[in-house]
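Participant: What follows is a single structure, and I will ask about it in a moment.
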Amino acid sequence: MIRMLLLASLACLAGISRSLAQDLPPQPLEFRISFSPQAEDQPLDGRILLFIADNDRREPRFQVNDSPETQMVFGVDVEGLAPGEAAVIDGGVFGYPIESIALLPPGEYWVQAMLNRYDTYHLANGHTVKLPASWKAGQNFRREPGNLFSKPRRVYLHPRKSGVVRIELTEV
C-alpha cells in the first residue's frame, strides 16, 4: 500500500513538473560568445563579431560584403573580456543588413564568431584610443593574425524561441 502511494505521488510530481516546463515562455534568441584560456590566457579588448549565413559556400565571416548576396553580421565592443567570460549578442545589438537578430527569419543557418583585437594607442594630444591594428593582412580583419574565431556551425535559429546559443572562439 505504501509503495503504491509512493509511486502515485511520484507520478503526480512528474506530471506537475512536465506541465510547469511546458508553461515556461520561450526564450528569445541570444548568443553568448567566449574564448578559452587555451586560445588566449589574457583579457582582450576588441569587437566581437557574429556572422550568420544562410549557406555554407564559404565560412560566414567571408560572406559579408556590400553586395545584394551579403550575409549577416552583428557586433559588440568588449574591453577586458577575460577567458571564459561571455560577450552577449541579443535582439538589442545592431546588425547588417538586418538591424537585429530579433528580425531573423526562422530557419537553418551557419554561424561563426570572431574577436577583432584592438590595440591601445596613446596619442600625442593626451588621448588614448583602442583600434584594430589590421596591417599584417592588408587591412582585412577577417584574416588578421592573432584574431580569435570559431569554426562555422550549422544551427536552427528562431528569434523568439531559440534561447541561448553558445559559441567558443577556439581558432587563432
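Coordinate-derived values only; no laboratory data. Treat the numbers as computed from the prediction; the structure is a model and nothing was measured. Because the Cβ atoms are built from the backbone with ideal geometry, glycine has one as well, and the counts that use them run over all protein chains shown.
Participant: Could you tell me the calculated FRET efficiency between residue 42 and residue 65, based on Cβ-Cβ distance and R0 = 45 angstrom, to the nearest 0.05?
Facilitator: About 0.90, to the nearest 0.05.
Participant: Further question: List 157, 49 from most exposed to least, where exposure is judged by having the fewest other Cβ atoms within 10 Å.
Facilitator: Listed from fewest to most nearby Cβ atoms, that is 157, 49.
Participant: In whole Hz and in residue order, list the ³J(HN,Hα) couplings for the range 90-104 that follow from phi through the Karplus curve 6.51 cos²θ - 1.76 cosθ + 1.60, θ = phi - 60°; x for Gly and Pro.
Facilitator: These are the phi-based 3J(HN,Hα) values: 10, x, x, 8, 6, x, 9, x, 9, 6, 8, 5, 5, 9, 5 Hz.
Participant: Here is a further query. Report, by chain and number, residues whose modeled amide H sits under 5 Å from the one on residue 169, excluding near sequence neighbours (fewer than 5 apart, same chain).
Facilitator: HN-HN under 5 Å from residue 169: 34, 35, 36.
Participant: If you don't mind, another one. 5 Å is the cut-off here: which amide hydrogens, built 1.01 Å from N in the peptide plane, fall below it relative to residue 78, excluding neighbours closer than 5 in sequence?
Facilitator: When sequence neighbours closer than 5 places are left aside, the close amide H contacts are 46, 47, 48.
Participant: Assuming 0.36 nm per residue, please report the length gained on full extension of the stretch residue 153 to residue 77 beyond their Cα-Cα distance.
Facilitator: Contour length minus the Cα-Cα distance gives 25.1 nm.
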